[in-house]
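The values are calculated or read from the model by the stated rules, or taken from the named source; none is laboratory data. Source: prediction; values computed, not measured. Counting neighbours? That spans all protein chains shown, and the Cβs are built from the backbone with ideal geometry, glycine included.
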Amino acid sequence: MRKPPADAGTVTLVAYDIAPIGGMERAAFELACGLLERGHKLVVIARRCDLPAGPNLRFVRIPGPARPAALATFMFAVLGSIAVWRRRVGYLHTVGAVVLPRADAITVQFCFRAFADHGLSRASRSSRLYRLNDRMTTLIGTALEHWCYARRPARMLITVSAGVGRELRRHYGVLDGTLRVIPNGVDSATFRPDDAARERVRGQLQTGEDPLAVFVGGDWERKGLAHTIEALADAARWRLVVVGRGDTERYRALAERAGVLDRVSFVGHQADPKPYYAAADAFVLPTAYEAHPLVALEAAAHGLPILGTSTNGLEDLIQDGENGWYVERSGKSIAACLGRIEIDESRRLAMGAAARASVSELDWKRIVTDYEAAYMELDPA
């Protein structure tokens, strides 16, 4: 391994937001916390930084709105690039294709080009203005990806799943030698079975002895909430709790048409979703596109069988028939798997234990170690 340069302990980390929320934001937060704990110096360039202040942290705030997404993406690309040119020290590591200066490493948590090629839109049922914003966001995001991955590629592209690496090779001609896979992590000591929380939340939801499935996240159309709700029509005893923000009115109406509204609980965004994982008997994510979903890792750490589609990240997690099942984006496919769990309690418990074991090595400390090893392969620009 190459001897690190003199300022190898300093990393300029660029991301939209670094905070213990969401997916990409929390992954960046965990990485930054781990690097600081190990004595690295960080220059953070972001709109938001929730890291605790300390002598090894310098935060450069990028002004600008988080919405609309198209404007936010463009403004960050411009102002963030200027901040990098002025403030960069040591390794330049960005979360996504977000600025123009050539990075030493980019963690790829999402591929706009692949998302668009799936024919997906995050605003397909919204107003014309929202759809225009979505198209502009995709155009800007794809242009930044082309610049950062193909035109002036980073020295190393770190994908969170093997599937994202395949997307970069297919869409941007990225060479294998520049690719590394470092998955997202999960704190299995924090996300774990909790009998007290299970009893409390099930009491609040009035589930009785009925089995409970949990769906966690936003962007409900892409993640397949409609199919999950429809599954309840053929899984007569199952209940569903939906954690996250979305078009609640629309999905309540869908549940009412399916005749299952009395078995669906919408609890909104939860700063702490752990009690809802603990209360559940299965986790359902019939998503159309992911990179490496943190919610699936959290559910597995709670000992829940994972019912998900064969997509990025889930392909790396689900061992079909052992810790969960692959499902189609259809109510009947999901209902069939829920039925198997319902009739065999011992199998559900065994699959849950296998799911927890499958994420036991995805500890954030190990993930930080993998990033340190990646930095050791690089020289700062």
Quiz item: Do you know which of the residues in region 249-291 that are more than 24 Å from Glu199 (Cα to Cα) and among the small types (Gly, Ala, Ser) is surrounded by the fewest Cβ atoms within 10 Å (Cβ to Cβ)?
Solution: Gly259
Practice problem: Would you please name the residue that is surrounded by the most Cβ atoms within 10 Å (Cβ to Cβ), looking only at residues in region 137-165 that are over 17 Å from His93 (Cα atoms) and among the hydroxyl-bearing types (Ser, Thr, Tyr)? | Solution: Ser161
Exercise. Could you give me the residue pairs with C-beta distances under 8 Å whose first residue belongs to region 357-368 and is without any contact (Cβ under 8 Å) to a residue 40 or more places away in the chain, whose second residue is buried (at least 20 other Cβ atoms within 10 Å of the Cβ) and not in a helix (DSSP H, G or I) wherever it lies, and which are 6+ apart or on separate chains?
Key: Ala357/Asn323
Quiz item: If a residue has to be more than 17 Å from Leu57 (Cβ to Cβ) and touching a Phe, Trp or Tyr at 6+ places or on another chain (Cβ under 8 Å) to count, how many in region 82-96 make the cut?
Solution: 1
Exercise. Pick out the one residue from Arg348, Arg329, Arg340 that is over 30 Å from Leu179 (Cα atoms), modelled with pLDDT of 95 or more, assigned by TED's automatic domain parsing to the domain that holds Thr287 and of a type in the set (Lys, Arg).
Key: Arg329
Practice problem: Run Ser330 past the list (1) in contact with a Gly (Cβ under 8 Å, 6 or more places away or on another chain); (2) surrounded by fewer than 19 Cβ atoms within 10 Å (Cβ to Cβ) and report the number of the one that doesn't hold. | Solution: (1)
Quiz item: Name the pairs: first residue in region 218-240 and without any contact (Cβ under 8 Å) to a residue 60 or more places away in the chain, second residue among the acidic types (Asp, Glu), Cβ to Cβ under 8 Å, at least 6 apart or on different chains?
Solution: Trp220/Asp247; Arg239/Asp210
